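Peer 1: I have a structure I would like to understand better, so I am pasting it below and will then ask my questions one at a time.
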Amino acid sequence: MEHAFAENSFNMASEDHTGQQLDYLHGLFLLHSRFNHSCSPNSKIPITGGEITHLRSFATRDIVPGEEIAFSYAADFGCRTREERHRELRFVCNCDACQPRTPFQKLSDMRRRLARGLQYLQIGVDLDGQRQDAPDRPLITDPQLKRAAETFRIPLSSRFIYGLLMMFLLEQEGLLDDFLAERLGRNVSVPFAMFETESNVQVAKLAMAQHDWLGRLCVAFQLYGRADAADQAVATLFRALSGR
Ligand SMILES: [Zn+2]
């Protein structure tokens, strides 16, 4: 019984009304425990705040009759390669992103590794909340850039581009569902709202007027390497938010 519970239960973070995390709860849900895993899932059980007493799952794309409904067993698999995912899952997944040596699988590994690096550049820590220290396989190969990320000195223009690139990569990967788009969209909308230098504001507005993520990204690349009058304030803000 203990083994069955450990393999099939769900971790559910409990929060009070202020969003402060109280405890980790585990729940066994008879229907949800029957769904299998996919690294390219067609459904999602979104993380929600508050006291959790029930789970809800949503389709994240059209599901054809007869198609198996699956969700991802780990929230951070969008930033992990096939090898890393299988190590964590402790079984071999056969989803589209895991079919070995296919063009999609190779691209998928590159996109997910890049997404992990972009996240590091935006928040200054890796998926485990720690600074990465792996000289044999560094996530960010440029030590100056890595240091800038860890001390929140990434310019606003770069933050805007990283946010857009992340959206594009996850969209290409088939992972940009509405829940993720809302959460990660803040990494675009917040830098966009903070630009102060007029020439940067104009380019950012033009970028956001485009109709898709690739279009926005292509325009935003004009900002790459540009300083903004708000850069110092942004560094201070991110430092305060991180508590570091
Ligand atoms: Zn897979």
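The values are calculated or read from the model by the stated rules, or taken from the named source; none is laboratory data. Keep in mind that what you see is a predicted model, and the values were worked out from it rather than measured. A quick note on method: Cβ atoms are made from the backbone with ideal geometry, for glycine too, and the neighbour counts reach across all protein chains shown. Accessible surface is based on the protein model in full, side chains and every heavy atom, while ligands, DNA and RNA are left aside. Shrake-Rupley method; radii C 1.70, N 1.55, O 1.52, S 1.80 Å.
Peer 1: For the chain, with a Gaussian network of springs between Cα atoms less than 10 Å apart, report the residue from Val190, Val92, Val64 with the top mean-square fluctuation.
Peer 2: Val64
Peer 1: If I fit a long axis through the Cα atoms of helix 103-123 and take the longest principal axis of the Cα atoms of the chain, what angle between them do I get, 0 to 90°, rounded to 10?
Peer 2: Roughly 60 degrees, rounded to the nearest 10.
Peer 1: Once amide H atoms are placed 1.01 Å from N in the peptide plane, what residues at a sequence separation of 5 or more from Val125, or on another chain, have their amide H within under 5 Å of its amide H?
Peer 2: Residues meeting the criterion, in which the H sits 1.01 Å from N, do not exist here.
Peer 1: If you don't mind, another one. Could you sort His32, His211 by their accessible area in this structure, using a 1.4 Å probe and putting the largest first?
Peer 2: His211, His32
Peer 1: Hey, another quick one. Which order, highest average first, do 2-11, 128-137 follow once you tally other Cβ atoms within 10 Å for each residue and take the mean per peptide?
Peer 2: Most protected by this proxy first, the peptides run 2-11, 128-137.
Peer 1: Given contacts defined as C-alpha pairs under 8 Å and at least six residues apart, what's the relative contact order of the chain, whole-number percent?
Peer 2: 14
Peer 1: Report the net charge of residues surrounding Asp96, where surrounding means a beta-carbon distance below 14 angstrom and charges are Lys +1, Arg +1, Asp -1, Glu -1.
Peer 2: With Lys, Arg at +1 and Asp, Glu at -1, the net is +3.
Peer 1: With all protein chains present, how much of the accessible area of the chain (probe radius 1.4 Å) comes from carbon and sulfur, to the nearest whole percent?
Peer 2: Using a 1.4 Å probe with all protein chains present, the chain comes out at 55 percent carbon and sulfur.
Peer 1: Over the alpha carbons of the stretch 88-242, what is the largest minus smallest coordinate on each principal axis, giving the biggest first in Å?
Peer 2: 51, 37, 25
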